[in-house]
Amino acid sequence: MTTPAIQLPAPAPLLTRSGWSAFIVALIVVCAVAPVLNLWVPAGSALHLSDYAVALLGKIMCYAICALAMDLIWGYTGILSLGHGLFFALGGYVMGMYLMRQIGRDGNYQSDLPDFMVFLDWKELPWHWALSDSFVATLVLIVAVPGLIAFVFGYFAFRSRIKGVYFSIITQAMTYAAMLLFFRNETGFGGNNGFTDFKRILGMPIATPTMRMTLFVLTGVTLLGFFLLARWLTLAKFGRVLQAVRDAESRVMFSGYAPLPYKLTIWTLSAMMCGVAGALYVPQVGIINPGEMSAANSIEIAVWAAVGGRATLVGPIAGAFIVNGAKSWLTVTAPEFWLYFLGALFIAVTLFLPDGVVGLVKKLKSRKSEGAAP
Amino acid sequence: MTPDLMDEGARRVAARRAPEALGQTESGGRAAGFSRIAVPGEVDVTHGRILYLEDVNVSFDGFKAINHLSLDIAPGELRCIIGPNGAGKTTMMDIITGKTRPDSGTVFFGSTIDLLRHNEPEIASLGIGRKFQKPTVFEQLTVFENLELALKTHKGVKSSMFFRLDSAQSDRLAEVLHTIHLAGSVTRMAGNLSHGQKQWLEIGMLLMQDPKLLLLDEPVAGMTDEETARTAELFLTLKGKHSLMVVEHDMGFIRTISEKVTVLCDGAVLAEGTLDRVQADERVIEVYLGR
């Protein structure tokens, strides 16, 4: 007996045609439209993009990278990390150390050492600052430090088969412990003041409109690049194994896959993405301190992903923009209500929009097409 | 002697020795002596047993779930396991598949592979497939994707990133889709299937793994009579090529498929034999079938 042919679904393309169009538009907006509107359109014009808006959008794009990283580990793999703020801060600190060294002798004490070390009466750089003079080493460390810490932590956690809420609590404790460590003056990270008052990056002044725009474009391109990477990973069989781990881990094991390397790969990659986001964030906002490692920051990343819609990639990016946009607007108009709003938003999304904003849009779209059909 | 004659002689000697070296002689290489080459990861069934449990013990907090259990299965055999609740049927499968470590005893796959030295994914790769009591499929993935994931291939991270289904694999997938009667639901989410269809999908996933031994925990639970009949048919075609161990409560189903039945009770084998013989056994009637 011959089996009649079955049409097996073809592998999905990286992006659909309209997806590519949207992607190109986003790329043009980031690389061309925003710089032109900010740098060349005169300040009085209605089309002018203010410096404040550039700074805000640049910041939010860094957050969007974190949300994307969170989607890979939480949305696709079902591992809720409440410690991603740590990886973000670590990337930021590596960048901050480099920027501190770039200040040179222009600090308040005109010393070769960063101001806070002079203040603590230190005579030479501690060992862990050894590579902070080199920009190339800094670029490597931005991914290597969060990556290594995530790898070691993840290896032991996943090997011990720690799952669900237990894993979330441990990650939360991890970032809290790191915050306490960084708060101390003797660890050499500037204590509770952290690093600030940056002057230069690669020898160029950091506070110019051009540099601000350069960092903005860099952040946007990184976000879009990471989006493509995440899309490729989740469309490959690799991504389906991750989803399988999320839905039925025992079946994954009895199908011959060892879940540990899969979880470890995506966990480490996700941490590295957060590190890059942190490194892009610090020169744009001009400060990094242990507050970035606070428990609330890590939880907020999860909120962005939940609001946008888990396991959709686009959703968490949109979620980061929506929540942070609302935050910057509300903290100006009604600062005392922001935390209530955030809490209410999270509850509302969990109750009414389990699939987030993206899920809502999809539902509306399908209802519309149903209505259109006779 | 001429050179071509010498060449001819050398060729004949080589041709005779090659299969001996590989163990490809009539008796599976056994005639070659005791120092048979054990190929890592290959199941050696020359002793006529594919699964071999001896004197296995497991206790959970003092409760003896498995009590001096000894059991063996021949290659190509279809063995049914019956027994009252708590007899240790599922625990036995947990031990074979590496989920539970026994306190003592030996568990061998073929004559060379000690299953107690392997973890779950390794045991699955060696060729033991398992269907759970509660159908366990990847609910958020399509039927096609479920089967694709189960496909026997390299299962490392890197090979998954660059995996492409080749035509032989596509054919295999299509064949299994027909076998499990889900050819019309290729792109449906597995979570939206009926209970019986999920059972079928899980069986299909086992088939994709191409295991030598299938452990099936209540495969027809929740199936309609028609689906049950089809499953029986499927198992009978698998018999011979694969070894099957089926845990079931459905006596009608067992009657259709079984040749040999093992009755477990309190973690040990109570009786073994054909269904008729087992059903006539006084002790079995006492603990399981009821009067």
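Every number in this text was worked out from the coordinates using simple rules, so none of it is lab data. A quick note: this is a predicted structure, and the numbers were derived from the prediction, not measured. Positions of Cβ are backbone-derived with ideal geometry, glycine not excepted, and every protein chain shown enters the neighbour counts.
With respect to chain A, whose longest principal axis is taken over its alpha-carbon atoms, helix A:259-285 is tilted by about 40°.
Farthest toward the positive end of the dipole of the stretch B:219-291, out of B:Val247, B:Tyr288, B:Ala221, is the Cα of B:Val247, where the dipole comes from beta carbon charges about the Cα centre. Scanning chain A for trypsin sites (Lys or Arg not before Pro) in DSSP loops with at most 13 neighbouring Cβ atoms within 10 Å leaves A:185-374 as the longest stretch between them. For the residues B:Ala168, B:Ala221, B:Ala38, a GNM of chain B with alpha-carbon springs under 10 Å puts the largest fluctuation on B:Ala168.
So which chymotrypsin sites (Phe, Trp or Tyr not before Pro) in the stretch A:29-121 end up in coil per DSSP with only 15 or fewer other C-beta atoms within 10 Å? Please report the intermediate quantities before stating the final value.
Numbers: sites: A:Trp40, A:Tyr52, A:Tyr63, A:Trp74, A:Tyr76, A:Phe87, A:Phe88, A:Tyr93, A:Tyr98, A:Tyr109, A:Phe116, A:Phe119; in loops: A:Tyr109.
Filter output for the stretch A:29-121: A:Tyr109.
Charge tally for A:Met253 (other residues, Cβ to Cβ under 9 Å; Lys, Arg +1; Asp, Glu -1): 0. Neighbouring Cβ atoms from other chains, within 10 Å of the Cβ of residues in B:165-178, number 2 on average.
In the elastic network of chain B, a GNM with C-alpha springs shorter than 10 Å, the most mobile of B:Ser111, B:Ser159, B:Ser194 is B:Ser159.
Between the beta carbons of A:Ala296 and B:His195, assuming R0 = 41 Å, the FRET efficiency works out to 0.40 to the nearest 0.05. FRET efficiency for the B:Lys260 to B:Ala15 pair, using the beta carbon distance and R₀ = 45 Å, is estimated at 0.60.
Report the FRET efficiency, 1/(1 + (r/R0)^6), for A:Thr333 and A:Glu370, where r is their Cβ-Cβ distance and R0 is 35 Å, rounded to 0.05. Efficiency, rounded to the nearest 0.05: 0.35.
Listed by chain and number, the lysines whose C-alpha is less than 25 Å from the C-alpha of A:Lys59, apart from same-chain residues fewer than 8 away, are A:Lys199, A:Lys327.
Between B:Ala65, B:Ala87, B:Ala183, the GNM of chain B built on Cα springs shorter than 10 angstrom shows B:Ala183 fluctuating the most.
With a ≥ b ≥ c taken as the square roots of the eigenvalues of the C-alpha gyration tensor of the protein assembly as shown, please select rounded if a/c is under 1.5 and otherwise prolate if a/b is larger than b/c or oblate if it is not? Show your work: numbers first, answer last.
On the way: a/c = 2.17, a/b = 1.92, b/c = 1.13.
Prolate, since a/c reaches 1.5 and a/b exceeds b/c.
According to the square roots a ≥ b ≥ c of the eigenvalues of the Cα gyration tensor, what is the shape class of the stretch A:232-374, taking rounded for a/c under 1.5, prolate for a/b larger than b/c otherwise, and oblate for the remainder? Provide the component values of the computation, followed by the final result.
Values: a/c = 2.15, a/b = 1.15, b/c = 1.88.
Cα axes put the stretch A:232-374 in the oblate bin.
Longest stretch of chain B clear of exposed loop sites (GluC sites (Glu not before Pro), DSSP loop, at most 12 other Cβ atoms within 10 Å, sites excluded): B:27-258. Distance from the Cα centroid of the stretch B:265-286 to that of the stretch B:104-174 is 33 Å (rounded to whole angstrom). Mark the label point 7 Å from the Cα of A:Thr187 along Cα→Cβ and return the residues of the stretch A:289-313 whose backbone N is within less than 18 Å of it. Hits in the stretch A:289-313 for A:Thr187 at 18 Å: A:289-299. Report the one residue of A:Met253, A:Ala32, A:Ile73 whose Cα lies farthest in the direction of the positive end of the charge dipole of chain A (charges on C-beta: Lys and Arg +1, Asp and Glu -1; origin at the Cα centre). With unit charges placed on the Cβ atoms, the residue in question is A:Met253. Around the Cα centre of the protein assembly as shown, unit charges on the Cβ atoms of Lys, Arg, Asp and Glu (plus for the first two, minus for the last two) sum to a dipole of about 1260 debye.
Using Cα pairs closer than 8 Å and at least 6 residues apart in sequence, work out the relative contact order for chain A, in percent.
Details: 519 pairs, mean separation 113.4, N = 374.
The normalised contact order for chain A reaches 30 percent.
The lysines whose alpha-carbon is closer than 25 Å to the alpha-carbon of A:Lys363, local same-chain residues fewer than 8 away aside, do not include any residue.
Just from its helices, what would the mean residue ellipticity at 222 nm be for the protein assembly as shown, if runs of 4 or more DSSP H residues each count -39500 (n - 2.57) and the sum is divided by every residue, rounded to the nearest 500 deg cm²/dmol? Present the calculation step by step, with values, prior to reporting the outcome.
Details: 24 runs with 341 residues, N = 665.
One gets -16500 deg cm²/dmol as the mean residue ellipticity at 222 nm.
Work out the length of the dipole vector of the stretch B:38-289 about its Cα centre, built from +1 on the beta-carbon of each Lys and Arg and -1 on the beta-carbon of each Asp and Glu, and round it to the nearest 20 debye. Write down the numbers at each step before the final one.
Details: 25 positive and 35 negative charges, 120 e Å.
Dipole about the Cα centre, nearest 20: 580 debye.
Considering only alpha-carbon pairs that sit under 8 angstrom and 6 or more positions apart, the relative contact order computed for chain B is 23 percent. Need the list of lysines near A:Lys263 for cross-linking: C-alpha distance under 23 angstrom, and skip anything on the same chain fewer than eight residues off. Result set, ordered by chain and number: A:Lys163, A:Lys237, B:Lys99, B:Lys152, B:Lys155, B:Lys158.
Loop only by DSSP, 12 or fewer other Cβ within 10 Å of the Cβ. Give me the trypsin sites (Lys or Arg not before Pro) in the stretch B:200-260 that pass, ordered by residue number.
Values: sites: B:Lys212, B:Arg230, B:Lys239, B:Lys241, B:Arg255, B:Lys260; in loops: B:Lys212, B:Lys241.
Hits after loop and neighbour filter: B:Lys241.
A cut-off of 5 Å between modelled amide H atoms, ignoring neighbours fewer than 5 places along the same chain, links B:Ile66 with B:Val58.
Rounded, prolate or oblate: which one fits chain B, using the alpha carbon gyration tensor with axes a ≥ b ≥ c (rounded when a/c is under 1.5, else prolate when a/b beats b/c, else oblate)? In terms of gyration-tensor shape, oblate.
The residue list B:Leu126, A:Val136, B:Leu275 was ranked by how far each Cα lies along the charge dipole of the protein assembly as shown toward its positive end, using unit charges on Cβ atoms, and A:Val136 comes out on top.
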